[in-house]
Amino acid sequence: MSTPKSARGSHRPRTIVLVGATSGIGRMAARQLSAGGHRLIVVGRDQGRGKALAAELRRAGSAGVSRPPAVFIAGDVSTRAGIEAVVREIRTHTDTVDTLVNNAGVMLGHRQLTSEGLEMNFAVHHLAPYTTTALLLPLLARGDGRIVNTNSEGHRMTMSGAGGIDVDFGDLQSERHYSMFLTYSRTKLENLLFTYEFHRRFPQFSIVAVHPGVVRSRLMRGVRNPAMWLLNKVGRVLLMRPSQGAVPIVRLATAAAVENGRYYDRFVPTPSSAQSMSPLTAKRLWEVTERLRGPIDSQARG
């Protein structure tokens, strides 16, 4: 895989857009990035939690370590219109982005649709990183040009352990069959296929996907499932804290260099599943995505 363009290094403050920052590992990553002196634009749906996070980061800066002020933008990245609104707001604060972190995630006990009529996992895990990356490409091109996609080892198999995962092009919206675990895993696979295909098409940018570890978070809030209830209870002891899960995301967002176009299992570049490595599957998914959201080149120019 190609070598990324010269990076700015972790010691140099970066302008970082962090999508999915109001809870869990996103919130912890925001705290760690701010403590490292980086300029943050954090994006999330929950206005209350987002404003509280920005205020917390401002207070921490005024209390000692010099930190650039953090900006919070409320937005719904499950829709194209929501992403467009977020990007317009980002452009009022900066004309340069060094790192984009696509961290928004969902896990839903039953099938839900966005206001555009698209299945929510597919919209948040695949279409949102595609569209957000596309619309921020001009700003990324002026900066360090790095994209970090939060992924999951779930792209290999479901949390229930049932078989390998592949893309079902006949049921991308999970209309025929919805399973919380299967749909989550398939859309994480789609995110990984996007990561690799973006790298093939735009090698001048650096892009990686990362499994941050098995972290207890608010991702499964609202899930009415006895197994998940038990996992959350046991997880308080066995699973990583969100602050631990945030560390590899922060490392990849700020490191002097990353292995471009790779999948990281926390800190280590690791081969992903055979299905994720298929250029034919990635190309087909890219073409489907273009029909839904438009070509990346035209979005970036717009």
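Could you please find all residues in region 28-44 being of a type outside the set (S, T, N, Q), more than 17 Å from Leu136 (Cα to Cα) and either touching a residue at least 60 places away in the same chain (Cβ under 8 Å) or surrounded by fewer than 24 Cβ atoms within 10 Å (Cβ to Cβ) (or both)?
Within region 28-44, Met28, Ala29, Arg31, Leu33, Ala35, Gly36, Gly37, His38 qualify.
The set of residues in region 66-105 that are within 17 Å of the chain's Cα centre (by Cα), part of a loop (DSSP other than H, G, I, E, B) and farther than 19 Å from Ala253 by Cβ comprises Gly75, Asp76, Ser78, Thr79. Filtered by the rule that a residue be under 24 Å from Met28 (Cα atoms) and either among the acidic types (Asp, Glu) or assigned to a helix (DSSP H, G or I) (or both), region 131-180 gives Thr132, Thr133, Leu136, Leu140, Asp144, Glu153, Gly154, His155. Which ones in region 108-134 are closer than 19 Å to Arg176 by Cα and among the aliphatic types (A, V, I, L, M)? Scanning region 108-134 gives Leu108, Leu113, Leu118, Met120, Ala123.
Out of Leu108, Leu127, Leu57, report the one residue that is in contact with a Lys or Arg (Cβ under 9 Å, 6 or more places away or on another chain), hydrophobic (A, V, I, L, M, F, W, C) and either outside any helix (DSSP H, G or I) or modelled with pLDDT of 95 or more (or both). Give the steps one after another, and end with the answer.
Details: Leu108 fails: in contact with a Lys or Arg (Cβ under 9 Å, 6 or more places away or on another chain); Leu57 fails: either outside any helix (DSSP H, G or I) or modelled with pLDDT of 95 or more (or both).
Of the residues listed, the single one that is in contact with a Lys or Arg (Cβ under 9 Å, 6 or more places away or on another chain), hydrophobic (A, V, I, L, M, F, W, C) and either outside any helix (DSSP H, G or I) or modelled with pLDDT of 95 or more (or both) is Leu127.
The values are calculated or read from the model by the stated rules, or taken from the named source; none is laboratory data. Because the structure is predicted, anything quoted here is derived from the model rather than measured. Note: ideal-geometry Cβ built from the backbone for every residue, glycine included; neighbour counts use all protein chains shown.
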